[in-house]
Amino acid sequence: MGDYTFPKDFWWGSAASATQMEGSIDQDGKGKNIWDHWFEIESNRFFDGVGPGKTSQFYKKYKEDIALMKKLGHNSFRFSISWSRLIPNGTGEVNKKAVTFYTDVIDELLASDIKPFINLFHFDMPLALQEKGGWENREVVEAFAAYANTCFNLFGDRVNTWFTQNEPIVPVEAGYLYDMHYPNELDFKKAVQVAYNSLLASAKAIQAYKQTGQSGEIGIILNVTPAYARSKHPADQKASRIADLFFNRAFLDPSVKGEFPQELVQILKDLDFLPKTEPNDLEIFKENTVDLLGVNYYQPRRVKAKEYLPHPEAPFTMEHFFDHYSMPGKKINPHRGWEIYEKGIYDILLNLRDNYGNIRCFISENGMGVEGEERFLNEDGVIQDDYRIDFIQDHLKWVHKAMEEGCNVNGYHLWTFMDNWSWLNAYKNRYGFVSVDLAQQGKRTVKKSGWWFKEVIDNNGF
Ligand code: BG6
């Protein structure tokens, strides 16, 4: 005990998102988002055919859930507002029942001494806006800024930690390159426009926040995994530099420094993939950088130089420049298929310290999804998830080391508080501190890791 002590006021807690935990998707005036729609037309894409309607029902059980958070010692909790619950068509009329719901959630958190961190967008584009092209369409950038402004006006008197978006690369890669999320397009030109417009929307939301004159802070949440090269060979090194440009710097640089990396701009220009822009966009980026950065980390990205030339007719993707590399001997979480590499979290933090002005940041997601956790139930009905405890502890040790070396880290949030709906994997892999028994009306039971984390919080370390 006591070897890894964290600073006073360190943010301890967990993160979740609206579509993954609220449920009640067809109630109280919520409009459809792309997930509701996609599940209606292609339920076979989701594990066991389970859709977003069957999530953990936070919409109904939020009081019980927040009481549990308090019991487990959380001092902060990040959740997202469902844009299509608050503004069913994405623009225009505000749904009063949604205002009541989010107000109650915030008040309940505050009354429990848990700081609410609100994220405005977590992969869940309102359907009415996706029908106009979603992030492909510049109108949606304006709609997002207006929605963000509505949220600041409604809740900004009590909430002072805001995030514009969670992992904006995901709608780009999953929706426009790899056939993983709706609208399942494969179009690099559109992908670049989607990335650009969502970043611009983030900058405009930051601008709107500043204009309210509210005194809190606003940031973005990025999965800024370093791209590790297979070897020191210059071709492998180049592969990793380009992967880093596309997956990390394309988002990190405009968000933190207010500008795009020149090398990336040049590559896109040479390939004729530059997005459509407007004259004062660059100024908007420059003037509206984040106060705070959320860092999500699950797995490293390993790359190597390409083995073969791409097929000349194959659709263009980032893999035109590199191949993925599976390192022999890597540690892996077999349920999710993701490598576990704890030091990655430290490398990210050092990169932020050295190349991004040591921006104030926190670990906004880290976690381990495991299938069939009921195998680990003890006689008291508690899941003995020692693997999750090890996972968290091993990552926290690297976070601690980074902090000792001067990194500006303000907290650690696990993904996620209770087992949630995991997009395509639905309820296959469970991530929570708290289990949710779908067969028993979503009965909550704290896992061993939840009690362990409470102790860590009580001791401010381990
Ligand atoms: C993060 C997302 O990338 O990974 C979460 O922000 C997601 O929404 C988490 O749930 C884990 O991934 P998955 O696909 O296993 O749910």
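The values are calculated or read from the model by the stated rules, or taken from the named source; none is laboratory data. Everything numeric here is computed off the predicted structure, so don't read it as measured data. Glycine gets a Cβ as well: all are built from the backbone with ideal geometry, and neighbour counts include every protein chain shown. These accessible areas exclude ligands, DNA and RNA; they are computed on the full protein's heavy atoms, side chains included. Shrake-Rupley method; radii C 1.70, N 1.55, O 1.52, S 1.80 Å.
Based on C-alpha pairs under 8 angstrom that are at least 6 apart in sequence, segment 275-353 has a relative contact order of 29 percent.
Highest mean packing comes first when the peptides 312-324, 421-433, 282-294 are listed by Cβ atoms within 10 Å, giving 421-433, 282-294, 312-324.
Shown here for segment 1-82: trypsin sites (Lys or Arg not before Pro) in loop regions (DSSP other than H, G, I, E, B) with at most 14 other Cβ atoms within 10 Å, namely Lys8. Cross-link pairs exceeding 29 Å between alpha carbons, from the set Lys30/Lys132; Lys190/Lys257; Lys286/Lys401: Lys286/Lys401. Convert 37 °C to kelvin, take the viscosity as 0.692 mPa s, use the Kirkwood radius over C-alpha pairs of segment 299-341 as Rh, and evaluate the Stokes-Einstein diffusion coefficient in µm²/s, rounded to a whole number. For the chosen part, D equals 272 µm²/s. By accessible area, using a 1.4 Å probe on protein heavy atoms only, segment 9-78 has 49% of its surface on carbon and sulfur. Projecting the Cα positions of Leu68, Gln130, Gln266 onto the charge dipole of the chain (unit charges on Cβ atoms of Lys, Arg, Asp and Glu, taken about the Cα centre) puts Leu68 furthest along the positive direction. Here the label points at Leu350 and Arg375, each 7 Å from Cα along the C-beta direction, are separated by 3.5 nm in the simple model.
Pairs of Cα atoms in segment 90-200 fall into 5 Å distance bins, from 0 up to the last occupied one, in shares of 2, 11, 20, 22, 16, 12, 10, 6, 2, 0 percent. The label point for Asp104 and the one for Leu264, both projected 7 Å from the Cα toward the Cβ, are 4.1 nm apart. When the P(r) is computed for segment 411-462, the part past 14 Å accounts for 57% of the Cα-Cα pairs. Kirkwood hydrodynamic radius computed over segment 324-405 comes to 14.8 Å, based on all pairs of distinct alpha carbons. Above 21 Å lies some portion of the pair distances; for segment 303-444, what is it as a whole percent of all C-alpha pairs? Tail of P(r) above 21 Å: 59 percent of Cα pairs. Scaled against the 2.2 N^0.38 Å expected of a compact globular protein of N residues, the Cα radius of gyration of the chain reads 0.93. Look at where the Cα atoms of segment 401-462 and of segment 132-148 average out, and the two centres are 32 Å apart. Normalised by residue number, the volume inside the convex hull of the Cα atoms of segment 229-333 is 143 Å³ per residue. Coordinate range of the alpha-carbon atoms in segment 90-131 per principal axis, descending: 40, 22, 10 Å. The mean sequence separation of alpha-carbon pairs under 8 Å and at least six residues apart, normalised by the residue count of segment 11-459, gives a relative contact order of 17 percent.
The charge dipole of segment 11-459, taken about its Cα centre with unit charges on the Cβ atoms of Lys, Arg (+1), Asp and Glu (-1) only, comes to about 500 debye.
Computed packing ranks the peptides 381-390, 160-169, 395-404 as 160-169, 395-404, 381-390, most packed first, by mean other Cβ atoms within 10 Å. Think of a 1.4 Å ball rolled over the protein heavy atoms: the chain then has 40 Å² of accessible area per residue. Helical runs assigned H by DSSP (4 residues or longer) give the chain a calculated mean residue ellipticity at 222 nm of -11500 deg cm²/dmol, each run adding -39500 (n - 2.57) before division by the residue total. The fraction of accessible area contributed by carbon and sulfur in segment 379-462 is 45 percent, rounded to a whole number (1.4 Å probe; ligands and nucleic acids excluded). Approximating the spin labels as points 7 Å out from Cα along Cα→Cβ, the Ile284-to-Lys330 distance works out to 3.7 nm.
Over segment 155-281, all Cα pairs binned in 10 Å intervals from 0 give whole-percent P(r) values of 12, 37, 34, 14, 3, 0, listed from short to long.
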